[in-house]
Amino acid sequence: MKPNIPKGTRDFGPEELAKRNYLFQTISKEFLKFGFQPIETPSFENSSTLMGKYGEEGDRLIFKILNSGDFKTKELSNIVREVQLLSLTVSRIFKDVLNDLDKFEIEVGRKPNFYELERNKNELKSFIEEKYQYRVNQNISLIIGYIDSHKSIERLFLEGSISELFKDKIFEFFNKYIGITENTSERLENNEMQKLFPFIEEVYGKIIDELSEYRKRFSKNISNEISEKALRYDLTVPFARYVAQHQNEITFPFKRYQIQPVWRADRPQKGRFREFYQCDADVVGSDSLWQEVEFVQLYDAVFTELKLPVIIKLNNRKILAGIAELIGESDKLIDFTVALDKLDKIGIEKVTEEMKIKGISDDAIEKVRPLLTLQGDNFEKLEQIDALLKDSHIGKKGVEELTFVLRNLEKLGLESSELLLDITLARGLNYYTGAIFEVQAKNVEMGSVGGGGRYDDLTGIFGLKGISGVGISFGLDRIYLVLEELNLFEKVKIPKPKALFINFGEDEALYSLKAIKRLRFLGISSELFPNADKLKKQLNYANKREIEYVVMAGVEEIEKGIYTLKNMIRGDQTNCDLNDLALMLGNK
């Protein structure tokens, strides 16, 4: 078998891991400076904790974990029952078809092509019960096969095959008894027969609707039967669960940071993986805008330490709500802002086209157009926004909050980051209620490397109401790619021992290990080559790992109680006792 790993995952060698650890340590150090406390949550949660929190698209990207145990006896019996229920549902639909045909015959007033209808009702019923039941039994076999190979439950239903089966058999029925097929409009000479087409569409529509509804129930029931847990999709929802569950143990305001992996069944591409680390910092239990000020400072501190120039973009959800209110499209706030968020990617014309497709009127688009071409610095933009939103209470509130944050950051100053008011920034609108942050790296083509915002009631879904919070996230994997591309990892070194002890045999190895034990106690990294191989091989090993010193202790050194220390870069060597050896390696 050829060794491989699943798509969207990665192995990390010593050099890559050293760079990643450098990132983790740099960010964690700044978190601690700002007073955040670390927490961890399980890699998987109950499905009920995660499902329904990320929207329909997000739910589809959640990795579900199959229940352990022999579910092929218990759960499979329930699956078979569900499939059999589908057969009964289809039988009922075809009975409705027959009833509607009877009604049509009465409405038409004559039955020149229906004379076999009464005689053949039982034949159709037999087809439903026998032929279709055969197809159901096939599906049961496929289900067992899919479960055995642990493939996606989404594919068990075989929606396309079932839909096509009905479509073919409906027209087969009409052709047999009425003389009409799917593509027979040119054959119809009797105008009254044209009445059949709306009827066929109605019948087929009923069946597809029934199947669609059944598919939802089927998929949900099957998922619940075989999976009760799921891998963590992000750190935010588990954190909300953590706060609600441990509310009596937490001192509010609670400042936490968390660096852990998450999993998403997404399509892998550059900068997007199925397994990746998230790095979050949040404050819950305070609605003070000074938290927003500090989070901008935190971003600035981290990226300054990493020597990575970035732009920190700011917006406020209340301003976006005010704009939607101004143009009379409050009910289309999400559609409006999703289109607006694409302005820098697809341009103003494409954005306006998308808004029209979403049902936003031309008049509304014209009203908002000045906001898409704001000019000036941050405060000049705020003045223009304030003037446009003068009649919107919520919009004015958003302007006040942004003004507070920007004014105080101007007084405090930033180390290296650029601060930019971006009215098109609209991330996380399903839960953000105030400030919105996004960070982009300069001088490189990459998506955002950080983002966040304020949320007023994220813990409410777990029963803890009225807890306001604000948080940010660092995109560790994207930051890694950016630092790599800009060659900013130069000072990161692969961990390696200070000295390698040469292995000349059993007695010499024991003598060397006594010295190694002393050096490690003093904090000096060192190791013994495990095998008593030829000296050249051991020296080559030291060179390949770029170990600066080797220590040799043969029979002569043991008798004298000394060690030979060789510098692998310069090539010189010296004899010394253990104390001097420790001093020389410790000072290097």
| Can you tell which of ASN540, LEU458, LEU486 lies farthest toward the positive end of the dipole of the range 452-588, using +1 and -1 charges on the Cβ of basic and acidic side chains (Lys, Arg; Asp, Glu)? | LEU458
| Positive-end residue of THR373, MET355, THR304, charge dipole of the range 296-404 with Cβ unit charges | THR304
| request: Treating only the Cβ atoms of Lys and Arg (+1) and Asp and Glu (-1) as charged, compute the dipole magnitude of the range 339-492 about its Cα centre; round to the nearest 20 debye. | output: 400
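Just the accessible area per residue of the range 379-434, please: how many Å² with a 1.4 Å probe?
That works out to 52 Å² for each residue.
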| field | Under 13 Å, Cβ to Cβ, from LYS442 - net charge with Lys/Arg +1 and Asp/Glu -1 | value | -1
| Once you list every other residue whose beta carbon is under 11 Å from the beta carbon of GLY322, what net charge do they have if Lys and Arg are +1 and Asp and Glu are -1? | +2
| field | Global geometry of the range 350-465, whether rounded, prolate or oblate, following the gyration tensor of its Cα atoms and the 1.5 cut on a/c | value | rounded
| remark: Cα convex hull volume per residue for the range 412-490, in Å³, equals 139
| message | Need one number: the % of Cα-Cα pairs in the range 424-552 sitting beyond the 26 Å mark. | response | 56
| field | Inter-part distance where the range 352-429 and the range 1-31 are each reduced to a Cα centre, Å | value | 38
| Using alpha-carbon pairs under 8 Å, 6+ residues apart, how would you state the relative contact order of the range 423-469 in percent? | 30
| Taking the Cβ-Cβ separation of ARG407 and VAL444 as r and a Förster radius of 41 Å, what is the calculated FRET efficiency to the nearest 0.05? | 0.85
| note | Counting sequence-distant residues (5 or more places) and residues on other chains, those with an amide H built under 5 Å from that of THR433 are ARG454, TYR455, ASP456
| Ratio Rg/Rh, restricted to the range 353-421 and using Cα atoms, in which Rh is the Kirkwood radius | 1.07
| Accessible surface of the range 343-486, 1.4 Å probe, proportion on carbon and sulfur as whole % | 48
| note | Which of LYS19/LYS498; LYS2/LYS537; LYS33/LYS498; LYS544/LYS566; LYS270/LYS313 exceed 25 Å between C-alpha atoms? The answer is LYS2/LYS537; LYS33/LYS498
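Please compute the per residue accessible area over the range 441-588 with all protein chains in place, 1.4 Å probe, rounded to a whole number of Å².
Counting only protein heavy atoms, the per-residue value for the range 441-588 is 54 Å².
The values are calculated or read from the model by the stated rules, or taken from the named source; none is laboratory data. Keep in mind it's a predicted model, so treat the numbers as computed, not measured. Glycine gets a Cβ as well: all are built from the backbone with ideal geometry, and neighbour counts include every protein chain shown. Heads up: the accessible areas ignore ligands, DNA and RNA and are worked out on the full protein's heavy atoms, side chains in. Shrake-Rupley method; radii C 1.70, N 1.55, O 1.52, S 1.80 Å.
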